[in-house]
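Participant: I am attaching a structure below and will ask some questions about it afterwards.
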Amino acid sequence: MVELSEREEELPDLEIGKLLQIAVERPEIISLGPGEPDFPAAKEIVTHTKKIADKVNHYSPPGGRKELKEAISKKLLKENKVEAHPSQIVVTCGSQEALLLATACTLDVSEHIILPNPSFMGFLPTFELFNAGPRFVELKEETGYAINPDDVKKAINKKKTKVLLINSPANPTGNVLTKKILEELADIAIENDLYIFSDEAYEKIIYDDAKHISIGSLNGMSEYTATFHSFSKTAAMCGYRVGYVAAPPKLADAIKDTHIYTTVCAPTISQMLALKSLKMGDKYVNKMIKEYDRRRRMLVPRLNEMGLSTPMPKGAFYAFSNISSFEKNSKRFVLKMIKKAKVAAVPGIDFGSAGEGHVRFSYATDYKLIEKALDRLEPFIKKYK
Ligand SMILES: Cc1ncc(COP(=O)(O)O)c(C=O)c1O
């Protein structure tokens, strides 16, 4: 039989897919695994889908539809203080495709990209697919899992490092980076001539006094920053597959050109719905945030009471718990949790080596189900052997 590529064979064998499959097949299991809103898309989006269904059978330009890029450009300026001409915006099939394209356009084989560990499981394999050289900066619980600029400096190889990836609000930790840290990272990027890939998929899902700041808005950073946004989380439109990147002109043009060889363009129907979503403003996302916040304030104290050390997340919809006083192996912990407590979540190892000894609990699940899951977890943890 013909062999598959080494590239494919070396992709990580993530637990999340298998675990979510178990949760689907066994309805008695409560899953705190999902990485997507449990809310439907807003009613207006669904109605609009039907209205435009007969007008969407054509490709769009690879960068995206003109009116959508114009609306995004205005949104970036108003909400993110990021200046990007519509020609610097590329609309993609989710922000994941934008990251893939930006990687293809910046990193040659074995050139380095620095990324946080733990971080979203979609990052590392994307860089490995291009045979880039990922370098990790370990995040620490004591700092609420904020990236430490001094550690970034130490990870830089003057000859090889080209990109620093940051993600705020963060998956899986819920960390939101402060202006001070972002400014220090900006200085590092300028001093070392690095691109910053700033993944802001959860930009609006923030709590308490946290503030989302786009690093691309800081002085001088527009030349260095590719900002990735998505309609998946903030508009509950994961399945529509639409996101975008705003990048300096040279990089944006390269991404646009490369897009022709991946998917040509984001689905036209999804682009039109993304425009509709931008026009709708923040009412729907604010409604979701209010409910996530209510769940967060119930879930996180209860996890801590059980002895699972869990910093209060400032953003996104995940609680990242340290389970290491019970079990070092997160996969073993989750498998036992599924078997004995009938609760599923994602083992921290899926987010990188520094995620080991942790579990990600998503609160993009109904409040009452989270309560029920916690009622099951309490006796499970007490008796954990
Ligand atoms: C941090 C982060 N970035 C990007 C994505 C991918 O989002 P999209 O649906 O826009 O491809 C996810 C999805 O879970 C994520 O958590």
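Participant: Return the subset of Lys78/Lys283; Lys140/Lys372; Lys233/Lys331; Lys51/Lys78; Lys179/Lys250 for which the Cα-Cα distance in this structure is over 19 Å, preserving the input order. Present the calculation step by step, with values, prior to reporting the outcome.
Facilitator: Details: Lys78/Lys283 17 Å; Lys140/Lys372 30 Å; Lys233/Lys331 26 Å; Lys51/Lys78 29 Å; Lys179/Lys250 27 Å.
Distance filter (> 19 Å) returns Lys140/Lys372; Lys233/Lys331; Lys51/Lys78; Lys179/Lys250.
Participant: Straight distance only, please: which lysines reach the Cα of Lys66 with their own Cα at less than 17 Å, same-chain residues fewer than 8 apart left out?
Facilitator: Those lysines meeting the cut-off are Lys55, Lys74, Lys75, Lys256, Lys276, Lys279.
Participant: GNM, the chain, Cα, under 10 Å: largest mean-square fluctuation among Ala102, Ala42, Ala247?
Facilitator: Greatest mean-square fluctuation among the candidates belongs to Ala42.
Participant: Same structure again: Return the carbon/sulfur percentage of the accessible area of the chain, one whole number, probe 1.4 Å, all protein chains in place.
Facilitator: 53 percent
Participant: May I ask for the distance between the Cα centers of region 66-115 and region 182-235, given as a whole number of Å?
Facilitator: Taking the Cα centre of each part, region 66-115 and region 182-235 sit 11 Å apart.
Participant: Now for a different question. Based on Cβ point charges of +1 for Lys and Arg and -1 for Asp and Glu, what charge dipole magnitude is obtained for region 54-280 about its Cα centre, in debye rounded to the nearest 20?
Facilitator: Charge dipole, region 54-280, about its Cα centre: 640 debye, nearest 20.
Participant: Same structure, new question: Roughly speaking, what is the stretch gain from Met1 to Lys279, that is 0.36 nm per residue apart minus the C-alpha to C-alpha distance, in nm to one decimal?
Facilitator: Here the segment from Met1 to Lys279 would lengthen by 94.8 nm.
Participant: So what is the calculated 222 nm ellipticity per residue for the chain, using -39500 (n - 2.57) for each DSSP H run with n of 4 or more, over all residues, to the nearest 500 deg cm²/dmol?
Facilitator: -11500 deg cm²/dmol
Participant: Relative contact order for region 54-280 using alpha-carbon pairs under 8 Å, separation at least 6, rounded to a whole percent? Kindly include the intermediate steps, with their values, before the conclusion.
Facilitator: Values: 445 pairs, mean separation 65.6, N = 227.
Relative CO of region 54-280 lands at 29 percent.
Participant: Moving on to the next point. Mean separation of Cα pairs under 8 Å and 6+ residues apart, divided by the residue count of region 210-291: what relative contact order is that in percent?
Facilitator: Computed value for region 210-291: 23 percent relative contact order.
Participant: Would you mind telling me which residue in Asp38, Asp54, Asp375 has the biggest mean-square fluctuation in a Gaussian network model of the chain, where springs connect alpha carbons within a distance under 10 angstrom?
Facilitator: Highest fluctuation of the listed residues: Asp54.
Participant: Right, here's the next one. Can you pull the one-decimal nm distance between simple spin-label points at Glu36 and Thr143, each 7 Å off the Cα toward Cβ?
Facilitator: 3.4 nm
Participant: Using only the alpha-carbon atoms, how far is helix 15-25 inclined from the longest principal axis of the chain? Give it as 0 to 90 degrees, nearest 10.
Facilitator: Tilt relative to the chain: about 70 degrees.
Participant: Under a no-solvent Debye model with one identical scatterer per Cα of region 1-155, what's log10 I(q)/I(0) at q = 0.13, 0.16 Å⁻¹?
Facilitator: The calculated log intensity ratios at q = 0.13, 0.16 Å⁻¹ are -1.04, -1.34.
Participant: When we measure straight from the Cα of Lys159, which aspartates and glutamates land under 13 angstrom away, once same-chain ones fewer than 8 places off are left out?
Facilitator: Hits, sequence-local ones excluded: Asp108, Glu111, Asp193.
Participant: Moving to a separate point now. Once phi is turned into θ = phi - 60°, what whole-Hz ³J(HN,Hα) does the Karplus curve with 6.51, -1.76 and 1.60 give for every residue of region 155-171, x standing for Gly and Pro?
Facilitator: For region 155-171, the Karplus-derived couplings read 7, 6, 10, 3, 7, 10, 7, 10, 9, 10, 9, 10, 9, 8, x, 9, 9 Hz, x marking Gly and Pro.
Participant: Follow-up question, since we're still on this one. So what's the projected area for the chain, the Cα convex hull averaged over all directions, in nm²?
Facilitator: 19.7 nm²
Participant: Stretch Leu20-Ile260 to full length: gain in nm at 0.36 nm per residue minus the Cα-Cα span?
Facilitator: Gain on stretching Leu20 to Ile260: 83.1 nm.
Participant: Let me ask you something else. From the Cα gyration tensor of region 54-280, with a ≥ b ≥ c the square roots of its eigenvalues, which class applies: rounded if a/c is under 1.5, or else prolate if a/b is larger than b/c, or else oblate?
Facilitator: prolate
Participant: Within region 54-280, what percent of beta bridges assigned by DSSP are antiparallel, to the nearest 5?
Facilitator: 30 percent
Participant: I would also like to ask the following. On a straight-distance basis, which aspartates and glutamates could pair with Lys382 in a cross-link, Cα separation under 12 angstrom, same-chain partners fewer than 8 positions away excluded?
Facilitator: Filter leaves Glu305.
Participant: Which one, Ala53, Ala71, Ala236, has the greatest fluctuation when you compute a Gaussian network model over the chain with C-alpha springs under 10 angstrom?
Facilitator: With Cα springs under 10 Å in the chain, the top fluctuation among Ala53, Ala71, Ala236 is at Ala53.
Participant: Please list, ordered by chain and number, the residues whose modelled amide H lies under 5 Å from the amide H of Tyr318; skip anything fewer than 5 residues away on the same chain.
Facilitator: The answer is Tyr363.
Participant: Next question, about the same structure. Tally the DSSP beta bridges in the chain and give the antiparallel ones as a percent, rounded to 5.
Facilitator: Counting only bridges with both partners in the chain, antiparallel ones make up about 45 percent.
Participant: Which value does Rg/Rh take for region 1-73 over its C-alpha atoms, Rh per Kirkwood?
Facilitator: Rounded to two decimals, Rg/Rh equals 1.14.
Participant: Further question on the same structure: If amide H atoms are built 1.01 Å from N in the plane of the peptide, which residues on other chains or at least 5 residues away come under 5 Å of the amide H of His112?
Facilitator: The list, which skips near neighbours in sequence, is Gly133, Thr161, Lys162.
The values are calculated or read from the model by the stated rules, or taken from the named source; none is laboratory data. Computed from a prediction, not measured in an experiment: that's the story for all the values here. Positions of Cβ are generated from backbone atoms using ideal geometry, with glycine treated the same way; all protein chains shown enter the neighbour counts. Keep in mind that these areas ignore ligands, DNA and RNA; they rest on the heavy atoms of the full protein, side chains included. Shrake-Rupley method; radii C 1.70, N 1.55, O 1.52, S 1.80 Å.
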